[in-house]
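Where a number appears in this text, it was derived from the coordinates with a stated rule and is not lab data. Model, not experiment: these values are computed from the prediction. Here the Cβ is made from the backbone with ideal geometry for all residues, glycine too, and neighbour counts use every protein chain on show.
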Amino acid sequence: MRHLKKGKKFGRLSGRRKSFLRNLANNLITRGKIETTETRAKAIRPMVEKMVTLARKQNLASRRLISSRLQNPKTVKKLLDIIAPRYQNRPGGYLRIVKVGKSRKRDGAPLATIEFIQE
């Protein structure tokens, strides 16, 4: 039984799943908007929103935490220097998930777009 088990497994082992979600988060922060399946978008949304909230503090501890989670210096720099100051006065809800209304051709998975809200 999966009572109180949070998150999807995506048919991957734990290390590969962490890497997969980290790569999705890196792509979202780098590009600002990505199109993926609804389930994947819902999985990375809390991750990225917590990182933006952490980045708003603008201190060394938060920089180190974010860099350990993203493991990509360019993405960390963009998050801290460009994205976080944009949401300084916003209490939360930095991302938007919009269902595209079409499905992926090979398996019929519903697609969605996840993007940063323009402040």
Whole-Hz ³J(HN,Hα) for each residue in segment 30-44, computed from phi via Karplus 6.51 cos²θ - 1.76 cosθ + 1.60 with θ = phi - 60°, x for glycine and proline: what do you get?
5, 8, x, 6, 9, 10, 8, 6, 4, 5, 5, 4, 5, 6, 8
Whichever aspartates and glutamates have a C-alpha closer than 12 Å to that of Lys33, once near sequence neighbours (fewer than 8 apart) are set aside:
Glu115
Report the full-extension gain for the segment Gln118 to Thr30: residue separation times 0.36 nm, less the Cα-Cα distance, to one decimal in nm.
30.2 nm
Please get the size of the charge dipole for segment 54-105, origin at its Cα centre, with Cβ charges of +1 on Lys and Arg and -1 on Asp and Glu, quoted in debye to the nearest 20.
320 debye
Find which of Ile82, Ser19, Met47 sits farthest along the positive direction of the dipole of the chain, computed with +1 on the beta-carbon of Lys and Arg, -1 on that of Asp and Glu, about the Cα centre.
Ser19
With no solvent and one point per C-alpha, what does the Debye sum give as log10 I(q)/I(0) for the chain at q = 0.18, 0.20, 0.23 Å⁻¹?
-0.97, -1.15, -1.37
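To the nearest 20 debye, what charge dipole does the chain have about its Cα centre, counting +1 at the Cβ of each Lys and Arg and -1 at the Cβ of each Asp and Glu? List each step's numbers first, then the result.
Details: 32 positive and 7 negative charges, 108 e Å.
Charge dipole of the chain: 520 debye, to the nearest 20.
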Taking H as built 1.01 Å from N, whose amide H comes closer than 5 Å to the amide H of Ala109, not counting residues under 5 places away?
Arg104
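Set the Förster distance to 22 Å, then compute FRET efficiency between Arg69 and Val100 from the Cβ-Cβ distance, nearest 0.05.
Values: r = 28 Å, r/R0 = 1.26.
My answer for the efficiency is 0.20.
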Tilt relative to the chain, helix 60-70 - C-alpha long axis, 0 to 90 degrees, to 10
20 degrees
In nm, to one decimal, how far is the Lys8 label point from the Leu60 one, both placed 7 Å along Cα→Cβ?
4.0 nm
